[in-house]
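The numbers here are math on the coordinates, done by the rules we state, and not lab data. This one's a predicted model, so the numbers in the text were calculated from it and none came from an experiment. Cβ: placed from backbone, ideal geometry, glycine included. Neighbour counts: every protein chain shown.
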Amino acid sequence: MASGWIPLYMVQEDVPLLQARLNDDPEIAFILREAPDRWRAVRQVDDLRGKTMLWHVPGGQLPLLHTQGADTFVGDPFAGWREERPGLDTSIPYFGPDCAVTFLLRVWVPGWQGLPEDLIDISGLSWPALRATRSPPEPTHRWWNQLRKWVGQSAHRVTRYGSLNGPRADIWAFPSALRALQSGKERADNPWRP
């Protein structure tokens, strides 16, 4: 089974490339906080830095977890909803461990919200449901594979340690990040976890 993580090295100049790809994708919606415990899906965002939950719309409905009674689905994510049962990380909505239609995007660029200016951290897109025992929806799996292919065409794979082009290259460096790394900028070997 394919990996459920696409690790990325990015600097601020690379963010518009990924942002344009996702903003222009008719299959993706971004889930943004409207107020404490209130979320809403939108088709485009102005900034990808930080954590953002993505919803693959053709994959299916978003689960709505309840504190009492059976879980249901969010009626109209674009109209917004109140989250009854948040997860441990309240900066993103929680849909349960087996939600197969959401992805977590983390974009950490040098200097953003106090991150070191001289270090390129590991950003990335994760799909935890890919590790689940049940099969994810075929349209969502197809979208994931298409995004992986796009990243492979838009970025260059490098290593976390030693020579950038070593035999264990496992992180995709977007163009500006790659130039910065080739110029000697330090790179993280593990992602920052706020």
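Laid out as a table, the results:
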item: Förster-model FRET efficiency, 25 Å R0, Trp112 and Asn165, C-beta, rounded to 0.05; result: 0.40
item: In nm, spacing of pseudo-spin labels at Val42 and Asp89 (7 Å Cα→C-beta vector); result: 2.0
item: Likely footprinting exposure, Ser183, Ser154, fewest C-beta neighbours within 10 Å first; result: Ser183, Ser154
item: Nearest-ten-degree value, helix 138-154 long axis tilted from longest Cα axis of the chain; result: 20
item: Fully extended contour minus Cα-Cα distance, from Leu104 to Glu13, at 0.36 nm per residue; result: 30.7 nm
item: Sparse-neighbour loop sites [trypsin sites (Lys or Arg not before Pro); the range 85-194; at most 12 other C-beta within 10 Å; DSSP]; result: Arg134, Arg168
item: Extension gain from Arg21 to Gln68, taking 0.36 nm per residue of separation minus the Cα-Cα distance; result: 13.0 nm
item: Exposure proxy ranking, count of Cβ atoms within 10 Å, fewest first, for Trp5, Trp143, Trp127; result: Trp5, Trp143, Trp127
item: Order of Phe73, Phe103 - criterion: other Cβ atoms within 10 Å of each residue's Cβ, fewest first; result: Phe73, Phe103
item: Dipole of the chain, positive direction: furthest Cα of Ser91, Gln146, Ala70, with charges on the beta-carbon; result: Gln146
item: Label-point separation in nm, Lys51 to Lys185, each point 7 Å along Cα→Cβ; result: 2.4
item: All-pairs Cα distance distribution in the chain, expressed in whole percent, bin size 5 Å; result: 1, 7, 16, 19, 19, 16, 11, 6, 3, 1, 0, 0
item: Cα-centred dipole magnitude for the range 1-98, charges only on beta-carbon of K, R (+1) and D, E (-1), debye, nearest 20; result: 140
